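To start, the structure itself, in structure tokens.
The values are calculated or read from the model by the stated rules, or taken from the named source; none is laboratory data. Remember, it's a predicted structure, so these values are computed and weren't measured experimentally. Here the Cβ is made from the backbone with ideal geometry for all residues, glycine too, and neighbour counts use every protein chain on show. Heads up: the accessible areas ignore ligands, DNA and RNA and are worked out on the full protein's heavy atoms, side chains in. Shrake-Rupley method; radii C 1.70, N 1.55, O 1.52, S 1.80 Å.
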Amino acid sequence: MTSIILLSVLGIVNLFLGFLKSNKILLPAAMVILALVFGANLLDWNASQTYFNNMLTIDRYSVAFTGIVVLSTLLLIPFSEKYVRDGQENLAEYYSLLLFSLVGAIMMVSYDNLLMLFVGIEILSVSMYVVAGSDKRNVRSNEAALKYFLMGSFATGILLFGIALVYGATGTFQLTDINAGIVNPANASLQPMLYIGMLLMFIGISFKVSAAPFHYWTPDVYEGTPTFFTAFMSTVVKTAGFAGFFKLLMAAFFAAKGFWVPTLMAITVLTLLIGNVGAVAQSSVKRMLAYSSISHAGYLFIALIAVNGKLSANAIFFYSLAYSIATIAAFAVLKLVSDQRQREDYAGFNGLAKTNPLLAFVMTVAMLSLAGIPLTGGFFGKFFTFGAAIDRGYVGLVVFAVVMSMVSIYYYLRPIIAMYMQPAEDETAEPVAVSGFQSAVLVLLALLTVVLGVLPGLFSEVFK
């Protein structure tokens, strides 16, 4: 709860910093705010408190996932440095929108009531609609914002209608009471209403996490949105979405597992297939990362289907952490390269190993982690996820996921081949400009990815 209060108050304070003549204080101020929130969140590790008449619970589960979303934002902020140098006039507003969106993300991982889940999703989503169109002079950014807003509005309506039907069938919004209502024989005649409501809620949440077949907005929105904000969407939104989804399935709908497991299994197979096959066909690195985001939603769905208690919770936590770190590193390198070379295709990475060895190395580590290669965090993320599913007997689903992982190696190796094996198109071009602070953060991202791959036990049993 301390994190929500700090983000809300300091987000407003940050808005007033925008009235200063110079915007150079905005970036360090945002980082100090996030560091303060991260520290305050850790102080709640051993807490177990409820707020707002049991609508919100702060426990180890919420603290752990809050830590991921705040840390992801903290590691991402340094790569907005170009906005400071260019004198971006709305920078204070953009930083505050990110801080406010984190309030929604924290609500999504801490809720105990469906209304609080809905409020959290909307706080997060509205902020994302705005930042998607932040590059107002870019037609693609305007298109991205419009698509995201229109399709997101429909998804929100579907989600809310589903919540209404679940309430009609069980008479409550509280998660544990919903589960009790499902097994109550007196509600047997209302099961069709309940199942329709659950299905509509799954559709709404699947849209938010870019799961197929509700993924159509993702490639266009990711491509049109400024890269800095795309990285935020791909990590924070997805982490909060899956943490909230898992809590919903475990606490509210566990008794109806026989109904929703086949449904989510179909979504998983479709998501893995479309995400990986779609990424193979892309010529833009940014669109490839968009389809990559879709495919990783599929891997996280496997842990959801397993609903294997703490084993699934630990798998989702570790996977979200490893995925977020690698994705931030990949988007950070993409932003730095595209800002200088004005292109986002694979050819834009040609010869990067010669001109910027650090960027090439960090991008390589990120790609290997996303592909699930051993000695990276991504490998153990998939290992723990697949382990939770195999423990429940979903061997066929895991085999299919492994095959799709093999497909992903192709498109994750393409940037590496371009950086190390292709000559630069302009040998006389200057190296990509990277500040000392950004270089330090890139090294930290690569180091964290390797540490997660070499010492996975540090974060693999957060929930005991």
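Identification of helices (runs of 4 or more DSSP H) wholly contained in the stretch 342-397 with 1 or more residues that are within 23 Å of F463 (Cβ to Cβ) and either open to solvent by less than 20 Å² (accessible area, probe 1.4 Å) or modelled with pLDDT of 90 or more (or both) yields 357-371, 377-391.
Please enumerate the residues belonging to the stretch 93-148 that are among the acidic types (D, E) and either in contact (Cβ under 8 Å) with a residue 60 or more places away in the chain or in contact with a Pro (Cβ under 9 Å, 6 or more places away or on another chain) (or both).
Within the stretch 93-148, E93, D112, D135, E143 meet the criteria.
Among the numbered criteria (1) open to solvent by less than 40 Å² (accessible area, probe 1.4 Å); (2) farther than 29 Å from E93 by Cβ, which single criterion is violated by I77? The failed condition is (2).
Residue check: is L71 surrounded by fewer than 18 Cβ atoms within 10 Å (Cβ to Cβ) and within 18 Å of F459 (Cα to Cα)?
On the way: surrounded by fewer than 18 Cβ atoms within 10 Å (Cβ to Cβ): no; within 18 Å of F459 (Cα to Cα): yes.
Taking the combined requirement at face value, the residue does not satisfy it.
Taking the listed residues A145, A169, A155, A211, the one that is in a loop (DSSP other than H, G, I, E, B), buried (at least 19 other Cβ atoms within 10 Å of the Cβ) and either modelled with pLDDT of 90 or more or of a type in the set (G, A, S) (or both) is A211, with no other qualifying.
The C-beta contact set for the stretch 255-277 (first residue within 15 Å of F202 (Cα to Cα) and of a type in the set (F, W, Y), second residue part of a helix (DSSP H, G or I) and open to solvent by 10 Å² or more (accessible area, probe 1.4 Å), distance under 9 angstrom, 6+ apart or interchain) comprises F259/Q191; F259/Y195; F259/L199; W260/Y195; W260/L199. Criterion applied to M116, M107 was being assigned to a helix (DSSP H, G or I), open to solvent by 10 Å² or more (accessible area, probe 1.4 Å) and within 15 Å of K238 (Cα to Cα), and the one residue passing it is M107.
Residue by residue, here is whether (1) among the β-branched types (V, I, T); (2) within 19 Å of P78 (Cβ to Cβ); (3) open to solvent by 60 Å² or more (accessible area, probe 1.4 Å); (4) assigned to a helix (DSSP H, G or I) holds:
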position	(1), (2), (3), (4)
L6	no, no, no, yes
I12	yes, no, yes, yes
L27	no, yes, no, yes
V37	yes, yes, no, yes
N41	no, no, no, yes
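What about M128, is it open to solvent by 60 Å² or more (accessible area, probe 1.4 Å), part of a helix (DSSP H, G or I) and either under 19 Å from F214 (Cα atoms) or among the hydroxyl-bearing types (S, T, Y) (or both)? Judged against the criteria, M128 is not a match. Among residues of the stretch 52-73 that are in contact (Cβ under 8 Å) with a residue 24 or more places away in the chain, those with a beta-carbon under 7 Å from a residue that is open to solvent by 10 Å² or more (accessible area, probe 1.4 Å) and charged (D, E, K, R) at least six positions away or on a different chain give the pairs N54/D112; M55/D112; L56/D112; T57/D112; I58/D44. Would you say A256 is closer than 26 Å to I328 by Cβ and among the small types (G, A, S)? Spelling it out, it is not the case that A256 is closer than 26 Å to I328 by Cβ and among the small types (G, A, S).
Taken together, the residues in the stretch 180-208 that are assigned to a helix (DSSP H, G or I) and farther than 21 Å from G241 by Cβ amount to 16. Just the residues that are open to solvent by 10 Å² or more (accessible area, probe 1.4 Å) and part of a helix (DSSP H, G or I), please, taken from the stretch 292-312. Of everything in the stretch 292-312, those that are open to solvent by 10 Å² or more (accessible area, probe 1.4 Å) and part of a helix (DSSP H, G or I) turn out to be G309, K310, L311. Helices (runs of 4 or more DSSP H) fully within the stretch 216-291 that include at least 1 residues being open to solvent by 40 Å² or more (accessible area, probe 1.4 Å): 217-224, 238-251, 257-280. Considering I203, I163, the condition of being in contact (Cβ under 8 Å) with a residue 24 or more places away in the chain, within 22 Å of the chain's Cα centre (by Cα) and crowded, with 18+ Cβ neighbours inside 10 Å is satisfied by I203 alone. Of the residues making up the stretch 398-418, those that are under 30 Å from P357 (Cβ atoms) and open to solvent by less than 20 Å² (accessible area, probe 1.4 Å) are S405, S408, Y411, Y412, P415, A418.
Inspect all residues belonging to the stretch 109-121 and state whether any of them is over 30 Å from R60 (Cβ atoms), under 23 Å from the mean Cα position of the chain (by Cα) and of a type in the set (A, V, I, L, M). Within the stretch 109-121 (the criterion being over 30 Å from R60 (Cβ atoms), under 23 Å from the mean Cα position of the chain (by Cα) and of a type in the set (A, V, I, L, M)), the answer is no, since none of the residues qualifies. In the stretch 172-189, the qualifying residues are those that are of a type outside the set (G, A, S) and farther than 18 Å from L249 by Cα, and the one that is surrounded by the fewest Cβ atoms within 10 Å (Cβ to Cβ) is P185. Between A424, A440, A418, the distinction of being part of a loop (DSSP other than H, G, I, E, B) and either over 22 Å from the mean Cα position of the chain (by Cα) or acidic (D, E) (or both) belongs to A424 only.
Taking the stretch 419-438 as the range and being open to solvent by 30 Å² or more (accessible area, probe 1.4 Å) and under 29 Å from G381 (Cβ atoms) as the test, the residues that pass are Y420, M421, V434, F437.
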